[in-house]
Structures are given as C-alpha cells and as structure tokens.
Amino acid sequence: MMDLVFEIGTEELPASFQKPALEWMKSFFDQEMAKHGLTGAQTWQPFATPRRLAFIATKLPEGYHDETQEREGPPAKAGGKAIEGFAKKMGVPVESLRENKNGRMVATIVVPGAKTAEVLPGILERMVRGIPFKKSMRWDALESDPFARPVHWIVASLEGKLLPVSFADVKSGLQTRGHRFLAPDPLQPTAKNYAELLRKAHVLADWSERRKRIEEEVARAARETKGVPRPDEELLETVTGLVEEPHAVLGRFEEEFLQLPPEVLVSEMRGHQKYFAVQDERGQLLPAFVAVSNTKVRDPAVSRKGYERVLRARLSDGKFFFDEDRKSPLRSRLEKLGRRTFMQGLGTELERVQRLRDLALWLHGATGRGEARQLSEAAELCKCDLATAMVGEFPELQGVMGRVYALHDGVAKEVAEAIFDHYLPRGAEDRLPQSDAGALLGMADRIDQLVGIFGLGKEPTGTADPFGLRRAALGLLRVTLARGYRFDMGEALRYADNLYKMRTAGAGAPLDKGDSRAPEKVWQFLLGRLEVLLREKGQPDSIQAALHTGSKDVVALEKRLVALQTVREKSRAQFEASAVAFKRIANILAQAQEKGIAPMGFVPGRVREPGEKELAAALQRSRERVQAAIDEREDYLGAYSVLAELRPVLDEFFEKVLVMDKDPALRDNRLALLRALHEVFAPLADFARLQVEKSS
C-alpha cells in the first residue's frame, strides 16, 4: 500500500473556488482509478488555502496482477480465414484456440495488470486540466493550459518518490512552500507530516482547523469591547478561504454611524472589507468590527488605524447616500424606472413593474390569498429602490432599502415588509416570505423573469446559468409549496407570456420575446427543479410517476407523491402488482397507437367475454368513487384503495380475454375499455415510469 501527496501551488485563488475544486478532484480521482481497476484511497484528506489545492491519498494499492481472460470469436465452422483473423487480432497462435460448447472459437489471453505508479501521472495531469472553475485564465504562451490563477508549483509524491506531472510551464517536484512572507523557504512534505510541516511554516492547510481558528480569533477580539461577533456563516466561510494563518484585530467607528440601518452597516463591513460586525448580548450593533489579517502584525495599532480609515470612508459614503435618498419619497423614483432597461429585449424596469402588478393580482385571484390593495401598492414600489443612490452603490441591499425608505415615507408596514419579502428566499437556505403580499409578489417576480428570459432563448445550459434561473425556479417552488398555494402554474406562465406580448416598448412596438413555447419550456424546467426539492419524499421513479400526471398544480403534485410513496411502502407487493398491470395497459395502448389503431368510445353492447363484462362493471363502479376521492376530497389514498380492489378483476381480464382480437370491432372496443380504465387512474401516477417488474 502506498501514500500519495499531491498539491497545486498557485497565486491567490478566490475563496469560492477552493472547496468545489477539491470535491471535483476527489470524484475525478476515484473514477479514474476505478477505470484502471484500482481501488481508491482508504483515506482522503483534502487541503485548501488561497495558495494551494492539495490532498493526501493513503493506502493506495500498488497495482493489480495480470488477469487471464477468455474472448469468444467466430463459429468453428466459419473456416480458416475467419479463425486465422481472430487469432491474429487476439495475438495468439491459431493452434492455441479451442472450441466452446456454443460451437465458437475461444482465445485465452493475458491482460497485463496496471501499476499505480504508472497510471497516476496521467490521472493527475488530466485532473489539473479538468477542474471546472467558474472562470479561468491563461498567463503564458501555452494557450492550452488555463487555470483559475497562475500555477507556480506542483507537488506529486508517491511514497516519497517523484511522479512526473506537467502543467503549463510547471513540472512537478517534491517541495511545497509555506507562508509567502513568514516562511518562504521550500519544504519537502510527506503524507504523515504534511499538515504539521505547513503549520510550522505559518500555514493552516486544513480548512476546518483554519475556520475554527478564525472563529476563536474573532470572538477573542470582540470581547475587547464586551461584545460578540454577529453570526455570519457565509462571511466566516469566505474569510477561511482568504487567509493561511489568521490573526484578528478589533477596530472601532464613530457612534453617529449607528444611525444607519443595521443592514447598511453590516453590508458596508462585510461587502468589500470582509469585516465581522460586533453586537451586544441583546443583538444590537456596537460601533466596532473585527478584521482578520493573514499575518500577525508587530504593531496592532497601526493595522487597526488602516482598517478603520477604510471603513470610515465607506460609512461616510453610506450615510451621505442614505441622507440624500430620504430627501425624495420612494414613489417619486417610479418614473426613473422607465429609463432603466430590465433586460435587452424585455423592456424597461417600469414596464416590468406593471407586469409584476398584473401578474401578482392574477395570482391573488387564482389562489384567493392576500389583499389586492396592499399587493398592488407593494408591486408599484418593489423596484423603486433600484433608482436610489444606496442600492446603486450596494446592489445587495435591494429590498432592504426599499423597506427602510417605504417606512420612512409612512407607507403601511405590511406593504413595506412585502417590498423586502418579495426577494426571499435569496438562496437555498434563506428564510421564506412571511406575508401573502410578499410571497405572491415574489412569485410574480420569478415567473416574469423565467418566462421572459426563456422567451429570449437564454435558458440555462448544463454548465452555465448566468441569469440565476435555477435559483429563481427553486425559490418559486419553495414559496408555493410552503404556503400551500393552489393554482395552475401552466396558466400563470401563459398569463405572464401574454403580458409580455401585450406590453409595448419604445415607439409602441410589441416586446419581441421570440420563442412562443416559453411557457411550456419553463414548466418542464420547473419540473426538473421540483424533482430536486422532492427527492427526500420518495424514490426517484415515484417522483417521476407523480410529477408526470398532467397536473400543473404544484401542491397537488406533492400530495400525489406522498400518497404514492405511502402506498408503495405499506403494501409493496400489492401495489407493485397493480402498477405492473397498469404499465401493461399503457404499453398495449402505445403499441396500438403505433400501428395506427385509434379506437372510438367503449360500447357496452359489444362486450362478449365474462372477463370483459366484469371489468366493464368494475370500471363503472370505480369511476365515480375515484373521481369523488380525487376531485372532491383530494383523497389519493382512497383512490389507491379502489385501484387495489380492481386489480384481481383486471388480472382475470388479461388471463381470459384476448385484447388484440382478429375482429376489429372487438379489438377496438377492448382497447377503448382499457383506455377508459387508464384515464380514470391516470391522475394518481404515470405508472409507466415506475420501476416494477412483476406482480405477485
């Protein structure tokens, strides 16, 4: 067993690039080793700092032994040339071939085993070249080797021996580097001493260790002013990717800046400077902050003054913007939105506000939730803060400043909160809107964005989503499910599409969105995201079956999945037998359609066989019960119980009745009977998508 040390040394990598790169490297390494028949590492230790991406893989196999395999060739009776050609292809003498029980010639060959030391250089080179960074750059004449930042060194050591790896103009070696200023001399690490060696060289290479040190340092510094750091997991993660040996410094600012909204203060501190805000035990901000340095300075007072000077300038600008913005009512900025383009081809921000108001009111009517007057006013004001100086300087404060300025103008609190809430959730873990007004307005915002951008043909690709449409779709679905809004999403998408067509841009010309299929494309996109959201509530095939029932009521789709999974888990054998029967029906109907057979409606008078009669009678009894269970009570479990009762009759039908009878009239009537039965239970699930094999 062997240990591997691999490290890519670079100029400072963006913090957000580091952990995703390591995760990809681990996946790639395991896949490539498996391709060569080699098991992956028994332990994998990843390391990331601003200047390195590294890992230690321990107890790798030395390789695998030669393997004897048998390859089957042409039939023995094929003749001399065919057999000679097979022997030549296999690289063995003709006389070594033998005939197997199937009458074919067989060659025994030896496949040489792969040696780990031989395959690793190629794997590691492909790994370096393949890391999917958000952005890459080239820094020399070797145009074929882009990377996130220039690469300065590579360590590739297997059991202390050099592995030859090349990238750009860099060739691998056995030496790494410590802290840029505090320990610039080269170091030769091993798998056992890697972390400790770098620690002595003022580099905490382990991400979790460095993160914990930052937490401790920031808390220590905050105690100097009898405060605690304001919780900020995202900032903590970012700073962890910015330093190699963290040292915290407490800074202060003038109390007059506490007049600014807390969101502004925090944004100013964390945005460009990456400072941690400090608060008291009640959660009130203190006139203090904590900065994290990459080196321990000799005179903290000098460093503190530098940090304070930079922040003071930012806060002074913020206070100026805040004071100036409040001189004009928020509503007065509505007219300015007419001079701001939402997106080329999709009109102005003012036109967008008008669409959002109409769409939000449509959602209000469709769901029966919210209050129309509040919703209308919130829609008119929701984008006005885009025209303020504060949001122009700090775009991340969209919605935050809208709420602050609306309250300053005396707007109703419910309306002001809706202005803020309609941006929620901003990410996967963010909280959801607290009011119907904010929720409905936010849904309108996302629907308008999705339909408009899809209409331009700018939908996401597998690797790129420049307009954040996946995030918008997930936010739309999360809000819909969390608040239990019942409406037809397909109709909402079509209404949004029509709003684009009705609005005018410029000199009265209709907005040209191009793709008339945008609503259906968006719906399919939403289904893909809904699959992700519901993956903890059912098996993959259950999710597929529930989501493809034709309904576009998102809450109803979730209910269908829960019912399907419940029945599947509680009565697996019985359920799978029913599912197999309905898959059979779907296959028969599909095959008939392929042959051009299009039966008309079922005619009871043409029924002949007892099995047909029983199924027709059972269908008649089941139809009303299922429709009542689904349409009146939304009792999907009750509908499944009817399905279970029907299954023995259906089994008897398939056993005794020939569906594809030679008599076209009988055949078509039996197909029509099966189609009618399929239509009754189709709202429960698309049974054809279930992975079930046989009935009991």
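The values are calculated or read from the model by the stated rules, or taken from the named source; none is laboratory data. Bear in mind that the values here come from a model prediction, so they are computed numbers and not experimental data. A quick note on method: Cβ atoms are made from the backbone with ideal geometry, for glycine too, and the neighbour counts reach across all protein chains shown.
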remark   = Of the candidates Ala301, Ala313, Ala360, the one satisfying the condition of being touching a helix residue (DSSP H, G or I) at 6+ places or on another chain (Cβ under 9 Å) and hydrophobic (A, V, I, L, M, F, W, C) is Ala360
ask   = Hey, does the stretch 420-438 have a residue that's in contact with a Cys (Cβ under 6 Å, 6 or more places away or on another chain) and assigned by TED's automatic domain parsing to the domain that holds Gln398?
value = yes
request  = Just name the residue that is surrounded by the fewest Cβ atoms within 10 Å (Cβ to Cβ) out of those in the stretch 411-433 that are free of Cβ contacts under 8 Å to residues at least 40 places away in the same chain and of a type in the set (Asp, Glu).
outcome  = Glu429
request  = Considering only residues that are β-branched (Val, Ile, Thr) and under 30 Å from Leu38 (Cα atoms), look in the stretch 92-121 and name the one that is modelled with the lowest pLDDT.
outcome  = Val111
request  = Could you tell me which numbered condition Ala360 fails, if it satisfies all but one of (1) small (Gly, Ala, Ser); (2) modelled with pLDDT of 95 or more; (3) within 20 Å of Val404 (Cβ to Cβ)?
outcome  = (3)
inquiry  = Could you go through the stretch 370-383 and let me know if any residue there is more than 31 Å from the chain's Cα centre (by Cα), assigned by TED's automatic domain parsing to the domain that holds Phe487 and modelled with pLDDT under 95.
reply    = no
inquiry  = When you scan the stretch 19-36, do you find a residue that is of a type in the set (A, V, I, L, M) and in a strand (DSSP E or B), even just one?
reply    = no
message = Show the residue pairs meeting these rules: Cβ distance below 6 Å; 6+ apart or different chains; first residue within the stretch 564-577 and more than 14 Å from Gln539 (Cα to Cα); second residue part of a helix (DSSP H, G or I) and modelled with pLDDT of 85 or more.
response = Gln574/Ala644; Phe575/Val567; Phe575/Arg568
message = For the stretch 66-165, give me every one of the strands (runs of 3 or more DSSP E) that falls completely inside it and has 3 or more residues that are in contact (Cβ under 8 Å) with a residue 60 or more places away in the chain and over 33 Å from the mean Cα position of the chain (by Cα).
response = 151-158
query = Inside the stretch 393-410, can you point out the residues that are touching a residue at least 40 places away in the same chain (Cβ under 8 Å) and small (Gly, Ala, Ser)?
reply = Gly402, Ala406
request  = For residues that are more than 22 Å from Lys171 (Cα to Cα) and in contact with a strand residue (DSSP E or B) (Cβ under 6 Å, 6 or more places away or on another chain), tally how many sit in the stretch 27-54.
outcome  = 5
ask   = From the list Glu324, Glu351, Glu377, which one is in a helix (DSSP H, G or I) and without any contact (Cβ under 8 Å) to a residue 60 or more places away in the chain?
value = Glu377
task = Might you check whether a residue that is modelled with pLDDT of 95 or more and under 26 Å from Thr341 (Cβ atoms) occurs anywhere in the stretch 426-439?
result = yes
One residue from Glu11, Glu62, Glu7 being touching a residue at least 24 places away in the same chain (Cβ under 8 Å), surrounded by 12 or more Cβ atoms within 10 Å (Cβ to Cβ) and touching a Pro at 6+ places or on another chain (Cβ under 6 Å) = Glu11
key: Unique match (being part of a loop (DSSP other than H, G, I, E, B) and under 28 Å from Lys319 (Cα atoms)) among Pro425, Pro433   = Pro425
ask   = Only one residue in Ser641, Ser542 is of a type in the set (Ser, Thr, Tyr), surrounded by fewer than 20 Cβ atoms within 10 Å (Cβ to Cβ) and at pLDDT 85 or above, so which one is that?
value = Ser641
